[in-house]
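Working notes, beginning with the structure itself.
The values are calculated or read from the model by the stated rules, or taken from the named source; none is laboratory data. Only a predicted model underlies this, so the values are computations on that prediction, with no experimental measurement involved. When we count neighbours, we look across all protein chains shown, and the Cβ atoms used for this are built from the backbone with ideal geometry, even at glycine. Ligands, DNA and RNA are excluded from the accessible area calculation, which covers all protein heavy atoms including side chains. Shrake-Rupley method; radii C 1.70, N 1.55, O 1.52, S 1.80 Å.
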Amino acid sequence: MNLPIYLDNHATTRLDPRVLEAMMPYLKEAYGNAASHSHGFGWAAEQAVETARAQVAQLIGATAKEIVFTSGATESNNLALKGMVEAARLSQPGSSLHIITQATEHKAVLDLCAWLEKQGCRVTVLPVRRDGLIDPDELRRALDEEPALMVSIMAANNEVGTVQPVEEIGAFCRDRGVFFHTDAAQAVGKVAMDVTRAKIDLLSISGHKIYGPKGVGALYVRRGVKPAEQMHGGGHERGMRSGTLNVAGIVGLGAACALAGAEMEAEAARLTALRERLRTKLLAGLERIRVNGSADRRLAGNLSVTFEGVDSESLMMGLKDVAVSSGSACTSASIQASHVLRALGLSDEDTHSTLRFGIGCFNTEEEIDFVAERIVEVVPKLRELSPAWAETT
Ligand SMILES: *Cc1c(COP(=O)(O)O)cnc(C)c1O
């Protein structure tokens with residue numbers, strides 16, 4: 001077993017060696033520009049990009065033409081939301097610019113919506129239940145109150161692993177003629193996603209969350225849906241995203257999608273077993289800990305645990321050799337309470353006593369056992385040092 005142990009697979013994942021191998025030629029001798037149509041260098045690059053496009057499409061039940069390559073899920077979310085708002089403004093001035101989202105979205109969506117609000121959009125942020133799931137009735141109510149241009153609700157959450165009912169949301173949006181965007185950075189390659197069945201109009205993908213490279217992603221854009229370009233230039237990607245294509249990155253994303261498609265089912269079962277092993281050991285070894293988020297509608301590799309009376313920063317320090325993140329992960333530059341945990345109803349104190357475990361395809365049973373043992377050892381020690389804990393016991 002090699003130390004340190006990486007259990008932060010929601011933040012990013014290690015590049016799969018098979019993905020790296022697929023990318024290598026395009027970082028070396030096959031360096032053509034996919035938009036060069038006058039020689040073999042360009043054709044080879046273009047062909048590799050089109051293979052990758054088909055691989056990405058296949059994983060989500062789309063057609064290759066519906067895939068737009070971007071620099072990652074942040075850009076995809078920006079293109080989806082800003083692009084659709086701008087398109088609506090241009091084509092139907094005066095039409096509804098109401099966007100409905102929900103409280104546990106990634107900052108890439110929430111901050112974007114806050115910005116759009118300043119630009120004159122109306123934004124409704126739906127609450128979530130204690131288990132992190134949205135209540136479809138809340139969505140229904142919000143739409144009854146005011147028609148919307150689009151709904152943006154993530155497929156799976158990056159902190160508590162909650163998998164939202166996208167099929168129900170999609171059916172509902174299609175009925176009402178509302179565009180449905182989903183940030184699926186954590187869901188694609190982990191849970192089965194089918195854009196047709198779930199009636200999704202726009203879907204964001206990130207390479208580095210699925211053992212692919214960083215700085216590459218995709219936006220699925222359903223045929224007939226036309227977000228306005230946000231990156232102006234040479235008219236690449238059917239005019240939706242200009243800029244010379246990151247050929248090696250795109251090849252890596254395609255390879256990662258192909259591998260995920262082939263291995264997802266077996267991998268989900270293996271990760272679920274590892275997560276349950278960790279959960280069981282922690283619950284057996286420690287009192288007053290709680291698991292956050294839905295028990296059954298959850299990513300296989302996610303476990304979010306609140307250790308009452310323990311400061312998560314101290315716990316992480318006590319767990320040197322284990323890379324995990326606290327509830328305040330996505331804003332780790334500042335120690336703010338996680339907006340996700342707050343949305344689930346955790347107190348400020350509990351959000352600062354929470355760790356997120358992100359188990360990935362390179363983790364082993366041996367590693368999980370090591371981590372569980374370390375935590376069961378360290379938590380009581382930290383509690384002993386806490387005067388507040390002494391008073392409550
Ligand atoms: C990581 C992540 C993003 C950002 O993706 P990048 O490719 O890093 O821009 C957006 N949404 C969710 C849910 C994520 O987990």
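In region 146-186, which residues are among the aromatic types (Phe, Trp, Tyr) and open to solvent by 20 Å² or more (accessible area, probe 1.4 Å)?
Within region 146-186, Phe172, Phe179 meet the criteria.
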query = Somewhere in region 303-315, is a residue open to solvent by 60 Å² or more (accessible area, probe 1.4 Å), assigned to a loop (DSSP other than H, G, I, E, B) and assigned by TED's automatic domain parsing to the domain that holds Pro387?
reply = yes
inquiry  = Give all pairs with beta carbons closer than 6 Å in which a residue from region 144-171 that is charged (D, E, K, R) meets a residue that is part of a strand (DSSP E or B) and away from the ligand (no atom under 11 Å from the Cβ); count only pairs at least 6 apart in sequence or on separate chains.
reply    = Glu146/His98; Glu159/Arg356
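If you check Arg270, Arg275, which single one turns out to be among the basic types (Lys, Arg), open to solvent by less than 40 Å² (accessible area, probe 1.4 Å), at pLDDT 95 or above and not in a strand (DSSP E or B)? Give the derivation first.
Working: Arg270 fails: open to solvent by less than 40 Å² (accessible area, probe 1.4 Å).
Being among the basic types (Lys, Arg), open to solvent by less than 40 Å² (accessible area, probe 1.4 Å), at pLDDT 95 or above and not in a strand (DSSP E or B) holds for just one of Arg270, Arg275, which is Arg275.
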task = Can you run down the residue pairs with Cβ atoms below 6 Å, 6 or more apart or on separate chains, where the first is in region 11-39 and free of Cβ contacts under 8 Å to residues at least 60 places away in the same chain and the partner is open to solvent by 100 Å² or more (accessible area, probe 1.4 Å) and part of a helix (DSSP H, G or I)?
result = none
ask   = Which residues, taken from region 194-233, are within 16 Å of the ligand (Cβ to nearest atom) and open to solvent by 20 Å² or more (accessible area, probe 1.4 Å)?
value = His208, Lys209, Tyr211, Lys214, Gly215, Gln230, Met231
key: Output for region 73-83, where each listed residue is open to solvent by less than 10 Å² (accessible area, probe 1.4 Å) and near the ligand (Cβ under 7 Å from one of its atoms)   = Asn77
message = Condition first: touching a Phe, Trp or Tyr at 6+ places or on another chain (Cβ under 9 Å) and at positive phi. Can you find one or more residues in region 373-391 that meet it?
response = no
task = Could you check, for region 33-45, whether at least one of its residues is outside any loop (DSSP other than H, G, I, E, B) and of a type in the set (S, T, N, Q)?
result = no
task = Mind listing just one residue for me: the one in region 84-124 that is under 21 Å from Pro165 (Cβ atoms) and open to solvent by 10 Å² or more (accessible area, probe 1.4 Å) and, of those, farthest from the chain's Cα centre (by Cα)?
result = Thr124
task = Please find, within region 1-19, the residue that is nearest to the ligand (Cβ to nearest atom) out of those that are surrounded by fewer than 17 Cβ atoms within 10 Å (Cβ to Cβ) and either in a strand (DSSP E or B) or among the aliphatic types (A, V, I, L, M) (or both).
result = Leu3
